[in-house]
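Before any comments, here is the structure.
The values are calculated or read from the model by the stated rules, or taken from the named source; none is laboratory data. What you see is a predicted model, and the numbers here were worked out from it, not measured in a lab. As a convention, Cβ positions derive from the backbone with ideal geometry for all residues, glycine included, and neighbour counts pool all protein chains shown.
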Amino acid sequence: MIFFSQLLNVPIVDSRQEGIGRLKDVIVRIREGGYPEVCAITFKRKGVSVVIPYQYIENLGYGEITLKKSDCGVEDYDYANNEILLARDLLDQQIFDVAGIRVVRVNDLELVKIEEKFSLVGIDVSNRALLRRLGLSNMPILRRARTKMIDWNNVSLVKGPVGNLQLKTSKEKLERLHPADIANLIENLNFQESSKLVQSLDEETAAEVLEEVEPEYKDALIERINPKNLAEIVEEMSTNEAADVIQALSAHKKMQLYRRLGVRKAKVLHKLSKYGADTAGGMMSSDFMMVYKDMSVNQATRQIQKSSQEFGSVYHVFIVDDEKRLEGIVSIRTLLLAKHRQKIADIMAKVYRTVRVHTKAEEVAKVMTKYNLMSIAVIDKNKVIRGIITVDDILRYLVPDA
Amino acid sequence: MDTLEKTIKPGRFQTAKIKWLLILSVIGPGIITGTADNDAGGITTYAVAGASFGYKMLWILVIIAVILGITQEMGARLGLVTGKGLAALIRENFSLKVTTFVVIVTFAANWANVLADFAGIASVADIYGFPRWIAVPVVAVIIWFIVYKGSFKLVQKIFLTSAVLFLAYVVAGLMAHPSWNEAVQGIIKPAADMNPAFFYTAVAMIGTTVTAWGQFFVQSYYVDKGVSAEHMKYARWDIIAAAFWTSIVAFFIIIATAATLHVAGITIQDAGQAALALEPFAGVFAKHLFAWGLLNASLLGLAVVAMTSSYLVTEAFGWEGRVDLKKESPVFYGLFTFCVFSTAAAILIPGLPLVQIIVGSQMLNTFVLPVLFIAILALLNKKKLMGKHVNSLAGNIVSWMSVAFIVVMASLLVVMTFFPGTS
């Protein structure tokens, strides 16, 4: 096993025993389903970077690097897009530790010889690696510092220059995580990096991730996502989350987003975003199951089957008249137990709790806790239903940092 | 689309309001860094300058404002474009060894700086006959508690309020009934006394303006605030406002002592003495203003500098932490706790060689500044890193000249302190 930091500046000696320079960097090739293999080393000759392909290397070690030939350096090396440089792209840069769900800085790299070839196996993020590089690792008191390796398979790069394959493997590793964990990782990055990362995820994951990011951080983050990507992400969000996003945007970005969302959706979201964040209107979602009171149970069930994919969890169905005025509610259980022919109006509960759009969030939480409600309807002064608040929304309000 | 635009397009008034909110969302880091530069040490220098040389040194404030503006802009631009702190950038682009050198030296200089701020607090306690050994620990606990428990927003609000409270010196300056005619003359007509003391004080004023911690702090703060590169314009306003406010505060401190102590021929050694000496001339209220101003400046200075130390080390060695994510950064709070409480304990040691420690801190600052600024300018010239915000030729000339100037001034200060005979 070799530590990359200890290879840096090691003299390179060619087949004529002549020293030609000192090692400046190592190029590795990223492969799918394996550790990246060392494919070349570089050194500087009169200020120009020269590359020596791996096949010309006789021995790679701490003392010196010996070559099989002389004059085997390439000045205009053609980098493949799955090749990265260890010193330039990895050492001292930040990476995601996908297993530990955190952002860490690379203190050293571990190269291991597998079947005659060196591969990049692990990333050393320990303080011991720092001491090693400062030449202090042999000091008696400091010896106790432990080495902490992260397997390459659990590493995802934070910054480019990313070739396609590298981007793909990095992304795959990240997408194994729960959106809430990705959100936690993102909060440790600066906004340039986090906005790039969010935009590299598929829209659905990106929407879920954004919902989990802390509100304060989220506001600054979404401002930096370009309008086209943001529109695609917003399309995947529930309306109340989307309205939150819009509320946080600057006027200019808001207009750009609206243009891409289309008039109908933009108007709905714009209306929602006008409510204060700590009121029922600001918390509510306009995605809810609505059924007209003169329908039969059979008709209602079919409508729910058709549209239920659009909604998150469904606890209640809300019964309205032609003007969308709330008339009653039916729980999913009641609906399941009812006979097909029965009218919805006959099985619905006529006594139920509601809140108004301007009701304070705290009050909503109290009502829902007191009456053990999983969801509650939000109505305006004409009794028209505007949205619903579910227990998830309440939890998010009460525990914003989770 | 027309109807949509009509219904949701903000009116002119609203646009103006949004613009103001935007400015407010960017403003802060510059102002806070600038005013924190006027901490206990800075106030002492200005008070001494006014008492010893009257209005003659006011023109130096113009230089200070310009230098402060130029160096802070460099830090802001780096932070805004890269989204990274200075320590991280140095490590990523240069080497671990350079990073370690810069971090250790800056950390040590900062420690002495925090110590000087506790000395400021102790002298305020002395003015009111309040026991130091109560005042210092109480202040330490309060500062620690605010930074540990408070959110980023709360801490920033407190810092900004503190920056505004420097107004105390403006009021004190007005109460001293300065001669405005002489004050204006002092600004527009560069004048110098041909003696070592004048030169020394002038160098001290400039040499303490630009500090290593200030460069780290301003950059990290813009990054943590999440200001983006497209808002560079507002960040520049923040910095220009900061340069003005910092110099205005210094201006009023100088004229306060110039109009009173200098006229009466009284010389002083530190800011605490200035407060006491002011009373017979400008009234008891002016004394209070000076004392409370010093307290405020010391509090801001020690919180900001101690925080910078923590930022610095965590960022350089990958123990990253941000003020609002305390669950992730025990090292950040560990370092902060160390900086605050070790200095608080040290200041209570009887017979502590305070002056020597502060001079030592100034010396460390001088060692690290050239390294730091060479790194900053090299970074600003990296096209790959800075994109369209890369330094222009004119920018480079101005930057290199300011950096050379500040390094020479800081070095002179050290030389003259150590060899008083040479100047």
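Summary table below
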read-out	value
Yes/no for residue A:285 being buried (at least 17 other Cβ atoms within 10 Å of the Cβ), assigned by TED's automatic domain parsing to the domain that holds residue A:341, touching a residue at least 12 places away in the same chain (Cβ under 8 Å) and on the phi < 0 side of the Ramachandran plot	no
Odd one out for residue B:121 among (1) surrounded by fewer than 23 Cβ atoms within 10 Å (Cβ to Cβ); (2) farther than 21 Å from residue B:410 by Cβ; (3) in contact (Cβ under 8 Å) with a residue 12 or more places away in the chain; (4) away from every other protein chain (no Cβ under 14 Å)	(1)
Residue in segment B:74-84 that is of a type in the set (S, T, N, Q) and within 10 Å of chain A (Cβ to nearest Cβ) present	yes
Residue A:273 being buried (at least 20 other Cβ atoms within 10 Å of the Cβ), within 12 Å of another protein chain (Cβ to nearest Cβ) and modelled with pLDDT under 80	yes
Selection from segment A:239-295 of residues that are under 25 Å from the mean Cα position of the chain (by Cα) and of a type in the set (A, V, I, L, M)	A:242, A:243, A:245, A:246, A:248, A:249, A:257, A:261, A:269, A:277, A:283, A:284
Check on residue A:82, modelled with pLDDT under 85 and crowded, with 19+ Cβ neighbours inside 10 Å	yes
Some residue of segment A:253-269 being part of a loop (DSSP other than H, G, I, E, B), in the same structural domain as residue A:223 (by TED's automatic domain parsing) and out of contact with any Cys (no Cβ under 8 Å at 6 or more places or on another chain)	yes
So residue A:185, is it within 14 Å of chain B (Cβ to nearest Cβ), crowded, with 21+ Cβ neighbours inside 10 Å and either free of Cβ contacts under 8 Å to residues at least 60 places away in the same chain or assigned to a loop (DSSP other than H, G, I, E, B) (or both)	no
Segment A:1-27, residues that are touching a Phe, Trp or Tyr at 6+ places or on another chain (Cβ under 6 Å) and in contact (Cβ under 8 Å) with a residue 60 or more places away in the chain	A:6, A:24
Conditions (1) modelled with pLDDT under 90; (2) within 30 Å of residue B:315 (Cβ to Cβ); (3) surrounded by fewer than 22 Cβ atoms within 10 Å (Cβ to Cβ); number of the one not met by residue B:137	(1)
Residue match in segment B:365-383 (condition: modelled with pLDDT under 85, exposed (fewer than 14 other Cβ atoms within 10 Å of the Cβ) and out of contact with any helix residue (DSSP H, G or I) (no Cβ under 9 Å at 6 or more places or on another chain))	no
Selection count, segment A:50-64, where residues are closer than 16 Å to residue A:28 by Cβ and free of Cβ contacts under 8 Å to residues at least 60 places away in the same chain	6
Extreme residue, nearest to the chain's Cα centre (by Cα), among residues of segment A:94-117 that are crowded, with 16+ Cβ neighbours inside 10 Å and away from chain B (no Cβ under 14 Å)	A:98
Hits in segment B:124-134 (condition: free of Cβ contacts under 8 Å to residues at least 60 places away in the same chain and surrounded by 16 or more Cβ atoms within 10 Å (Cβ to Cβ))	B:125
Filter pass, residue B:84 being surrounded by 20 or more Cβ atoms within 10 Å (Cβ to Cβ), outside any helix (DSSP H, G or I), over 14 Å from the mean Cα position of the chain (by Cα) and touching a residue at least 60 places away in the same chain (Cβ under 8 Å)	yes
Unmet criterion (only one of (1) more than 26 Å from residue A:269 (Cα to Cα); (2) without any contact (Cβ under 8 Å) to a residue 24 or more places away in the chain; (3) charged (D, E, K, R)) for residue A:339	(2)
Qualifying residues in segment A:202-246 (those that are part of a helix (DSSP H, G or I) and basic (Lys, Arg)) - the one surrounded by the most Cβ atoms within 10 Å (Cβ to Cβ)	A:218
Residues that are in a loop (DSSP other than H, G, I, E, B), out of contact with any helix residue (DSSP H, G or I) (no Cβ under 6 Å at 6 or more places or on another chain) and surrounded by fewer than 16 Cβ atoms within 10 Å (Cβ to Cβ), drawn from segment A:51-66	A:61, A:63, A:64
Qualifying residue in segment A:76-86 (condition: within 14 Å of another protein chain (Cβ to nearest Cβ), touching a residue at least 40 places away in the same chain (Cβ under 8 Å) and either closer than 19 Å to residue A:118 by Cα or not in a loop (DSSP other than H, G, I, E, B) (or both))	yes
The one condition in (1) among the hydrophobic types (A, V, I, L, M, F, W, C); (2) part of a helix (DSSP H, G or I); (3) touching a residue at least 40 places away in the same chain (Cβ under 8 Å); (4) farther than 30 Å from residue B:102 by Cα that residue B:191 fails to fulfil	(2)
Qualifying residue in segment A:20-28 (condition: in contact with a strand residue (DSSP E or B) (Cβ under 7 Å, 6 or more places away or on another chain), more than 22 Å from residue A:108 (Cβ to Cβ) and in the same structural domain as residue A:113 (by TED's automatic domain parsing))	yes
Selected residue (criterion: nearest to residue B:279 (Cα to Cα)) from residues of segment B:124-161 that are among the polar types (S, T, N, Q) and within 14 Å of chain A (Cβ to nearest Cβ)	B:156
Residue identified as within 20 Å of residue B:139 (Cα to Cα), part of a helix (DSSP H, G or I) and more than 14 Å from every other protein chain (Cβ to nearest Cβ) among B:302, B:369	B:302
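Rundown of residues vs (1) over 25 Å from residue B:299 (Cβ atoms); (2) among the small types (Gly, Ala, Ser), yes/no style:
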{"site": "B:338", "(1), (2)": "no, no"}
{"site": "B:377", "(1), (2)": "yes, no"}
{"site": "B:386", "(1), (2)": "yes, no"}
{"site": "B:390", "(1), (2)": "yes, no"}
{"site": "B:399", "(1), (2)": "yes, yes"}
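Per-residue answers, yes or no, for (1) within 14 Å of another protein chain (Cβ to nearest Cβ); (2) within 24 Å of residue B:376 (Cα to Cα); (3) in contact (Cβ under 8 Å) with a residue 60 or more places away in the chain:
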position: B:222; (1), (2), (3): yes, yes, yes
position: B:238; (1), (2), (3): no, yes, yes
position: B:271; (1), (2), (3): no, no, yes
position: B:277; (1), (2), (3): no, no, yes
position: B:296; (1), (2), (3): no, no, yes
position: B:306; (1), (2), (3): no, yes, yes
